[in-house]
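Enquirer: Okay, handing you the structure first.
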Amino acid sequence: MIANNLLRDNVFGMFFRVCVGATLSTIDAVTDIYVIATYYESDELKTQATALVTMITLNLIIQVLMCLGQFRKKHWTVKMKELLITLMFLRPAADAYRVSTNQHDDALLLEPLAEMIFNKGIELATESIPGCVLQVK
């Protein structure tokens with residue numbers, strides 16, 4: 001209980017959560033790229049590599065559409081910044097930062113927590129779960 005309150009109220013706790021989120025997000029992207037490259041080197045796994053690339057691409061397309069919808073009322077520079085965050089696989093870290101700092105913007109379609117939940121759901125449905133099932137086979 002005390003540790004949770006310290007993490008919630010302390011600036012360093014928020015910084016720690018965001019850094020861990022950004023690190024895990026980046027590591028996930030790097031491992032995905034590594035697995036795909038390794039699969040493409042093997043003649044037997046090229047189909048699985050193509051399937052993984054398709055899953056990641058579908059995830060990015062849906063998250064880009066979500067990003068454009070979320071920031072539709074914002075200036076094009078904000079949209080470009082958010083699109084770059086999405087394309088660099090840093091969306092989970094950006095979402096975690098916004099939730100942990102309780103950011104609120106009436107021009108956005110969704111609250112930060114709802115946006116984070118939708119983005120994580122998109123990633124789970126299009127990349128994580130199908131990729132796990134594919135690699136377990």
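The values are calculated or read from the model by the stated rules, or taken from the named source; none is laboratory data. Predicted, not measured: the structure shown is a model, and the values here were computed from it. Note that each Cβ is placed from the backbone with ideal geometry, even for glycine, and that neighbours are counted across all protein chains shown.
Enquirer: Considering only residues that are surrounded by fewer than 16 Cβ atoms within 10 Å (Cβ to Cβ) and either free of Cβ contacts under 8 Å to residues at least 40 places away in the same chain or touching a Cys at 6+ places or on another chain (Cβ under 6 Å) (or both), which ones fall in the stretch 50-73?
Expert: Passing the criteria: Thr50, Val53, Thr54, Thr57, Ile61, Val64, Leu65, Leu68, Arg72, Lys73.
Enquirer: What's the number of the only condition in (1) within 16 Å of the chain's Cα centre (by Cα); (2) at pLDDT below 90 that Gly121 fails to meet?
Expert: Result: Gly121 passes all but (2).
Enquirer: Would you call Ile2 of a type in the set (Val, Ile, Thr), at pLDDT 95 or above and surrounded by fewer than 16 Cβ atoms within 10 Å (Cβ to Cβ)? Even if it seems obvious, please write down each step before you answer.
Expert: Values: of a type in the set (Val, Ile, Thr): yes; at pLDDT 95 or above: no; surrounded by fewer than 16 Cβ atoms within 10 Å (Cβ to Cβ): yes.
Considered against the rule, which asks whether it is of a type in the set (Val, Ile, Thr), at pLDDT 95 or above and surrounded by fewer than 16 Cβ atoms within 10 Å (Cβ to Cβ), Ile2 comes out as no.
Enquirer: For the structure I just gave you, tell me whether Asn59 is in a helix (DSSP H, G or I), modelled with pLDDT of 90 or more and in contact with a Lys or Arg (Cβ under 6 Å, 6 or more places away or on another chain).
Expert: So Asn59 fails the test.
Enquirer: When you go through (1) among the hydrophobic types (A, V, I, L, M, F, W, C); (2) without any contact (Cβ under 8 Å) to a residue 12 or more places away in the chain; (3) exposed (fewer than 13 other Cβ atoms within 10 Å of the Cβ) one by one for Ala114, which number turns out not to apply?
Expert: The single condition Ala114 does not satisfy is (3).
Enquirer: Residues that are free of Cβ contacts under 8 Å to residues at least 40 places away in the same chain, of a type in the set (Phe, Trp, Tyr) and either at negative phi or in a loop (DSSP other than H, G, I, E, B) (or both): does the stretch 88-101 have at least one?
Expert: No, every residue in the stretch 88-101 fails to be free of Cβ contacts under 8 Å to residues at least 40 places away in the same chain, of a type in the set (Phe, Trp, Tyr) and either at negative phi or in a loop (DSSP other than H, G, I, E, B) (or both).
Enquirer: Identify the single condition in (1) surrounded by 12 or more Cβ atoms within 10 Å (Cβ to Cβ); (2) closer than 30 Å to Val133 by Cα; (3) under 14 Å from the mean Cα position of the chain (by Cα) that Thr23 does not satisfy, given that it satisfies every other one.
Expert: (1)
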